[in-house]
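In what follows, a single structure is set out as structure tokens and then discussed.
The values are calculated or read from the model by the stated rules, or taken from the named source; none is laboratory data. Just so it is clear, the model here is predicted, and its values are computed rather than measured. Here the Cβ positions follow ideal geometry from the backbone for every residue, glycine too, while neighbour counts run over all protein chains shown.
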Amino acid sequence: MSVAVRPVEAPTNTTPVRRRSVRRPRRSPTLTLLTGIVLAYSLFPLAWLVINATKSRDGLFASFGLAFADDFALWDNIVETFTYADGIFLRWLVNTVLYVLVGAVGATFLATLAGYGLAKFDFPGKRAVFAVVIGAVAVPGTALAVPTFLMFSQMGLTNTPWSVIIPSLITPFGLYLMWTFAAEAIPDELLEAARVDGAGEFRTFFRVCLPLLAPGIVTVLLFTMVATWNNFFLPLIMLRDAQWYPLTLGLYTWNKQASTAGGEAVFHLVITGSLLTILPLLAAFLLLQRYWQSGLAAGSVKQ
Amino acid sequence: MAVPQVHPRVTAPARRRRRSYAGWAFVAPFLGVFALVFLAPIGYSIYLSLYRQRLIGGTSFVGVENYQRALEDPQFWSALGRVSLFLAVQVPVMLFIALLVALAIDSGRLYGMKFFRVGIFLPYAVPAVVATLMWGFLYGSQFGLVGGINERLGLSLPSPLSPDLVLAAIGNIVTWEFVGYNMVIFYSALRVVPASRYEAAEIDGAGQLRIIRAIKIPAIRGALVIATIFSIIGSFQLFNEPVILQDLAPNAITTYFTPNLYAYSLSFAGQQFNYSATVAVLMGLITMVVAYLVQLRGMGRED
């Protein structure tokens, strides 16, 4: 964790003042048990999801929610999820990966450039830029959705991947994170030295500064990836053609099928599809723990 | 970030740097896209809210008439009242649980601290669509847990998806999704409180509860305010959970259940784009005012 938050969490390992130097507190079974209730609350729906993804369509209705059914149909369910309706689930998966790659990578790149620019340059209008970005962020994102849709439809962008990708290119939270990070990770002297050597500003940025910004970049990337992977509202209003749906919207329509006239109820596929949708994210969070933990730490900067 | 608090350190060294337009080259790409997906829709919705489309005579300027209509619209007030109630109950409950867990983990008295931290955070990685579908199934009477318990134990628990309980049911879903996220924010803030601040108190024999009240909570006030503001914005924007539950509880969730859902229905079912934009602008204003007041109150009493 120390790698990613050096600027913000400096006390963690650079100052000699270390927490709890007096004595190690005794562990408490009571407190562990009480906190365990919240842990159980957090994990039990996920356990339910795993258990029920192993049930066939009939087993789902015939067995108790938290018990396994007689038949173990996980593999059949996965195969059916991927083959149902001409394998549209795979198409949705590919779309999601596309939106995440282009959207999240693009958003991180723009936020890094701008954060660096704000942190390391003094330019006319900088205060105005800050005021406008902060002011606009206080506007609820979903309140913008309808006007964005109307604008995009006039520009002929709705029902194309661009209508989902372009709005996800902006992450004010990422900009803020990169700004504070760049301000402290890159010494001004380094930039002065590069300028004296006659290196251009962009060359300096890509050659000298980018490596120093790497931990911050990974954090922002992880969070923007989650945001785009979980995106639902924007695709819901922008996309009409199921060929362009991301996974979230696809699952929503599968669930909706049961309540539409003539639609086939495919709850077992909704459940298995849900499990398949969250697995990559859970894996990413477990593998990249130190990044998100420090990333949030940077977001809650002490005053 | 809704909170315009920048590190003094971020801006201070700027004095030494020469003012030039070089910084614009880094900020411009972000600002370009930002203008397209933030500023333009805001401007466009304000524009739309001042006009009205009539069947005969086309579009005409009506000034603040749409706003007057909204202020007299019982459906708008009903939606606003519902999210306000949600805000008043769900946000304190969620933040209180998150704070308790963060304090418990920070106290160092738990067995398997890391497991708690990661496990409780995991739901954050679950898309709102999947979270809502999972809980929706759990609530359901068909193959859900509530139905299963009723059947097996001969009880008649009320359905969480009934009109009276559905708001609480949504509150539970949102709490489940974000309790861990807020917990990590609080925990990260607690981690950077210097130990020296309360070691002295411990030596003097102050109890843990007193240390928490007098030292730890004041020390993380910034994080508490940020989390509160994020939660307020989130509550006013409530959309995904009700719209997905609508298929499972069609009688309980109206088209004007939340302001956002109302704006969405007005646009996409009613084709009333001008009025929909008015509702969106109003909600944006209300959110900004409330977030600003909370920030003033939270940060103002610093000394």
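Of A:157, A:144, A:150, A:101, all but one fail to be modelled with pLDDT of 90 or more, part of a helix (DSSP H, G or I) and of a type outside the set (Lys, Arg); the exception is A:101. Would you point out the residue of region A:244-286, among those that are hydroxyl-bearing (Ser, Thr, Tyr) and exposed (fewer than 15 other Cβ atoms within 10 Å of the Cβ), that is farthest from the other protein chains (Cβ to nearest Cβ)? Filtering region A:244-286 for residues that are hydroxyl-bearing (Ser, Thr, Tyr) and exposed (fewer than 15 other Cβ atoms within 10 Å of the Cβ), the one farthest from the other protein chains (Cβ to nearest Cβ) comes out as A:260. If the condition is being in contact with a Gly (Cβ under 9 Å, 6 or more places away or on another chain) and farther than 12 Å from residue B:83 by Cβ, then region B:224-240 contributes B:224, B:225, B:226, B:228, B:229.
A single member of B:107, B:162 is in contact (Cβ under 8 Å) with a residue 24 or more places away in the chain, within 7 Å of chain A (Cβ to nearest Cβ) and either among the small types (Gly, Ala, Ser) or buried (at least 21 other Cβ atoms within 10 Å of the Cβ) (or both), and it is B:107. Among the residues making up region B:13-37, those that are assigned to a helix (DSSP H, G or I) and at pLDDT below 85 are B:13, B:14, B:15, B:16, B:22. Across region A:174-198, the number of residues qualifying as surrounded by fewer than 20 Cβ atoms within 10 Å (Cβ to Cβ) and out of contact with any Leu (no Cβ under 6 Å at 6 or more places or on another chain) comes to 13. Under the condition of being more than 30 Å from residue A:191 (Cβ to Cβ) and in a helix (DSSP H, G or I), the residues counted in region B:38-75 number 20. Filtering region B:234-271 to residues that are among the polar types (S, T, N, Q), over 17 Å from residue B:129 (Cβ atoms), buried (at least 20 other Cβ atoms within 10 Å of the Cβ) and in contact (Cβ under 8 Å) with a residue 60 or more places away in the chain leaves only B:235.
Residues of region B:237-262 that are at pLDDT 90 or above and among the hydrophobic types (A, V, I, L, M, F, W, C): B:238, B:239, B:243, B:244, B:245, B:253, B:257, B:261.
For residue B:206, the conditions (1) more than 7 Å from chain A (Cβ to nearest Cβ); (2) assigned to a helix (DSSP H, G or I) all hold with the exception of (2). Among the residues making up region A:74-122, a single one is over 28 Å from the mean Cα position of the chain (by Cα) and crowded, with 21+ Cβ neighbours inside 10 Å: A:121. Restricting region A:116-135 to residues that are in contact with a Gly (Cβ under 8 Å, 6 or more places away or on another chain) and part of a helix (DSSP H, G or I), the residue that is nearest to the other protein chains (Cβ to nearest Cβ) is A:117. For region B:180-203, check the following and say yes or no: at least one residue is surrounded by 15 or more Cβ atoms within 10 Å (Cβ to Cβ), at pLDDT 85 or above and within 22 Å of residue A:59 (Cα to Cα). No, because not a single residue in region B:180-203 is surrounded by 15 or more Cβ atoms within 10 Å (Cβ to Cβ), at pLDDT 85 or above and within 22 Å of residue A:59 (Cα to Cα).
The number of residues in region A:160-187 that are within 15 Å of the chain's Cα centre (by Cα) and outside any helix (DSSP H, G or I) comes to 2.
Scanning region A:197-230 for residues that are in a helix (DSSP H, G or I), away from every other protein chain (no Cβ under 13 Å) and farther than 30 Å from residue A:281 by Cα turns up A:207, A:208.
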